[in-house]
Structures are given as C-alpha cells and as structure tokens.
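*Asks:* My structure is below; once you've seen it, I'll send some questions.
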Amino acid sequence: MASKRPASGLRRENDPPLLILISLADGPKHGHALAKDIAAFAGVTLGPGALYGAITRLEERGLIEPLGSDDRRRPYQITSPGSAALAAALADMRRVTRTGLARLGLDGGRA
Amino acid sequence: MLRWYPRAWRERYGKEFLAMVEDSLDGRRPTWRLRVSVAWAGLRERGHQARLTSQKALLRGLTRGWLTFQVAGYLIAVLPSEFKASPPPARQCAGRVLLRRRREPVPATRMNLAGIPQLSLLLFIFAISFFLLPFAVETLLRRHGSP
C-alpha cells in the first residue's frame, strides 16, 4: 500500500525527518547547519517552518535531543532510538532500491 | 513571524527558530514567501497541538468512564442479592429471609469480634462503680455536712 507509513514513522527519501536524521548521523548540528547540510547532500531546501516542524516531531518521539548551549543556536543530536529508526528506514529504502534496480537489469539481476 | 505558532512552541523553540531565520536571510529582508511558509507552518503546529490536546481529553474521559464503570460494577456485585431484582410473588418476602438468617448460627470469629464493644462497655461500668462512684458519694456527703 503506497500510503502505509513504516513503524519507524519515517517515510521516503524527501521526508524532512529522515533528512534531518541522516544529517545528524555524523554529529550534532543546529538549525541553519542542518538546512545547509541537507541542501548539500540531498538537494532539498528546507525552510525554517518545515525544518522546525520536523525537529519538533522528532524530539517529541525521542529520536533527537537538544544539547545545552549558551548561544541562541541550539544544536541537536541523534539518540539511540533515532539511530535505530534511521537504520530501519534506510534498510527498507535499500530493499526497495535493489528491487527496482534488479527489475531494470541494472543490478546484476539480484532482487 | 512567530505569532502564528502556539505559545508553548514559541517559548520552547522561538529563539533558535529566529536565529535560524536570521542566519538564512543573511541580512536581507524576509520575503513574502518566507512569511507565508512560516505562517502556514505555525498554523499546522497549532493544529497538531489541538489534536494532541483533544486526544489527551478523550483518553482522560475514557479512563474516567472506565473507572466509573468498574466502581459501579463492584458496588452492584457486593450489594445483597435481594437488591438486584425484586423477588417473584410466590417467593418469600425479604423480611422472612432476614428472620431466617438471624436463626442461622453465627461463626465463632464473627461472635468474638462482635463481643469486643460490649466487653469494653462492661469494663467501663465496673471502673465507674469501683473508683469514681465512692469518691463522688463521699464528696456529696461532706458537702451536706454529714460525717
């Protein structure tokens, strides 16, 4: 079913929460650094509203957490449940990608 | 820009949100497109908060209803069986049932527990008789001039 959401709560490749988790996987970042990193590796420009909406949901679900900071720019880091959810979502995407490539004959015939 | 967001959200994320907006604008004025997207995101956040609040209220209501149901069920279960339904006319009336129960033997443990107040009362009367009453009689006689 196309609209089914995985158990991790993450959808497909352009989902802001997924992009934020991927960005935080290599270290803590604050809002503007997250937006720049996501634009660099995914080519997706997230506005402040979309970015902070996703940050709010991820923090509610315990997938990321804020770090203490005296600056107005508060950095966030991924949590253990966040890493597990990201790994599950990426494995799911890899399975779909492999299937698609195999059916196109671009992956050595593996499905 | 933040007035579209709920107050709790503004208190939690407001400063860092504005810092990010300033960083992304880099000294330029905010465009109408940015304002509209922020307003839209704020309204969505309000909708999310309202959904959360209504879900909590629904959960609270269901919990209270379930507890009330449980207490009512318990009370009905412990009420005497005569209160559950009126007996049919051919059966004995409640008064006869109660009289018959009085004739039934009472367990020893219940008798012992029931006798404790009476025993206490008897001890109290003995104490009054042996200690307080002679003292009171002597005081009265002295007040009236008798030896």
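Only the coordinates and a few stated rules stand behind these numbers; no lab work does. The shown structure was predicted, so the numbers you read here are calculated from the model rather than taken from an experiment. Ideal geometry is used to build each Cβ from the backbone, glycine not excepted, and the neighbour counts take in all protein chains shown.
*Asks:* If you go through the stretch A:41-65 one residue at a time, how many are without any contact (Cβ under 8 Å) to a residue 24 or more places away in the chain and part of a helix (DSSP H, G or I)? Outline the logic, then answer.
*Replies:* Of the stretch A:41-65, the ones without any contact (Cβ under 8 Å) to a residue 24 or more places away in the chain are A:41, A:43, A:45, A:47-49, A:52, A:56, A:59-60, A:62, A:65.
Okay, now just the ones that are also part of a helix (DSSP H, G or I), so A:41, A:48-49, A:52, A:56, A:59-60.
Total meeting the criteria: 7.
*Asks:* Another question, then. Do you know which residues across the stretch A:9-65 are over 20 Å from B:Gly42 (Cα atoms) and acidic (Asp, Glu)?
*Replies:* The answer is A:Glu13, A:Asp26, A:Asp37, A:Glu65.
*Asks:* Say whether the condition of being surrounded by 13 or more Cβ atoms within 10 Å (Cβ to Cβ) and in contact with a strand residue (DSSP E or B) (Cβ under 7 Å, 6 or more places away or on another chain) is met by at least one residue in the stretch A:43-52.
*Replies:* Restricting attention to the stretch A:43-52, the residues satisfying the condition of being surrounded by 13 or more Cβ atoms within 10 Å (Cβ to Cβ) are A:44, A:46-52.
From what's left, in contact with a strand residue (DSSP E or B) (Cβ under 7 Å, 6 or more places away or on another chain): none.
Looking for residues that are surrounded by 13 or more Cβ atoms within 10 Å (Cβ to Cβ) and in contact with a strand residue (DSSP E or B) (Cβ under 7 Å, 6 or more places away or on another chain), one finds none in the stretch A:43-52, hence no.
*Asks:* Is it the case, given these coordinates, that A:Arg74 is touching a helix residue (DSSP H, G or I) at 6+ places or on another chain (Cβ under 8 Å), buried (at least 19 other Cβ atoms within 10 Å of the Cβ) and within 13 Å of chain B (Cβ to nearest Cβ)? Give the derivation first.
*Replies:* On the way: touching a helix residue (DSSP H, G or I) at 6+ places or on another chain (Cβ under 8 Å): yes; buried (at least 19 other Cβ atoms within 10 Å of the Cβ): yes; within 13 Å of chain B (Cβ to nearest Cβ): yes.
Judged against the criteria, A:Arg74 is a match.
*Asks:* Right, here's the next one. Could you list, in sequence order, the residues of the stretch A:59-71 that are within 14 Å of the chain's Cα centre (by Cα) and within 12 Å of chain B (Cβ to nearest Cβ)?
*Replies:* If the condition is that a residue be within 14 Å of the chain's Cα centre (by Cα) and within 12 Å of chain B (Cβ to nearest Cβ), then A:Glu59 is the only one that fits.
*Asks:* Suppose the filter is without any contact (Cβ under 8 Å) to a residue 12 or more places away in the chain and of a type outside the set (Asp, Glu); does A:Gly68 pass it?
*Replies:* yes
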